[in-house]
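Nothing in this text is a laboratory measurement; each read-out follows from the coordinates by a stated rule. Owing to the predicted nature of the structure, the values given are computational and were not obtained by experimental measurement. So basically every Cβ, Gly included, is an ideal-geometry build from the backbone, and we count neighbours across all protein chains shown.
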Amino acid sequence: MIKTCRTCGVEKQIDDYYVHSQMGDGHLNICKECVRKRVSDYAKTPARIAYDKRRNQTPKRKAWTREFCRKQRLKWKKKRKASSKFWAKFKTGAIKKLPCEKCGTEKWVEAHHSDYNKPYEVIWLCSLHHKEWHRNNKAKNER
């Protein structure tokens, strides 16, 4: 089935629309791409940023954040230990930051551990290639 997006006016397959029970055909009349753009744009507005700041200061949210961080520390013990060892040595100057191994850029370069049992063996990747690596691979000895 084909449907026309109310925002961009492009005809797309029904799978390109979110399910919405109150619509006649059971799908929203704005395509997923336009919805994502609208949500992303709204997240950057001053009103939304101010709302998030206020919400993060509530006692309930602070408690949730503390608990979430505690669980993450327990979940990723090896990762945290390897990272701590690496950054301690990096701060002394014993390890130097290098360009991205994939594209050679020097902006937004991050250290990546392929094996957490070897804390000083890292590959340097820009944030784009670092995310790509994690989408396609899994680090050894994660936990």
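Taking 0.36 nm per residue of sequence separation and subtracting the Cα-Cα distance, how much length would be gained by fully extending the chain between residue 81 and residue 66, in nm to one decimal? The partial results should precede the final answer.
Numbers: separation 15, 0.36 × 15 = 5.40 nm, distance 1.94 nm.
Using 0.36 nm per residue and subtracting the Cα-Cα distance, I get 3.5 nm.
What is the chain's relative contact order, in percent, from Cα pairs under 8 angstrom and six or more apart in sequence? Please report the intermediate quantities before stating the final value.
Details: 144 pairs, mean separation 20.2, N = 143.
Relative contact order comes out at 14 percent.
Quick check on my link table: of 77/97; 37/131; 44/96; 89/131; 77/131; 78/131, which ones sit more than 27 Å apart, alpha carbon to alpha carbon? Don't skip to the answer; put the middle values down first.
Details: 77/97 24 Å; 37/131 21 Å; 44/96 35 Å; 89/131 24 Å; 77/131 21 Å; 78/131 20 Å.
Check vs 27 Å cut-off fails for 44/96.
Would you mind computing, in nm to one decimal, how far apart the modelled labels at residue 136 and residue 105 are, each placed 7 Å from Cα along Cα→Cβ?
1.6
Residue 105's amide H: which non-local residues (gap 5+, or another chain) put their own amide H closer than 5 Å, with H modeled 1.01 Å from N in plane and none for Pro or chain starts?
For residue 105, the qualifying residues are 100.
Of the listed pairs 85/138; 102/138; 12/107, which have alpha-carbon separations greater than 26 Å here?
Working: 85/138 21 Å; 102/138 18 Å; 12/107 37 Å.
Listed pairs above 26 Å: 12/107.
Could you pull out every one of the aspartates and glutamates with an alpha carbon less than 16 Å from that of residue 91, ignoring same-chain neighbours closer than 8 positions?
Reachable aspartates and glutamates: 110, 121.
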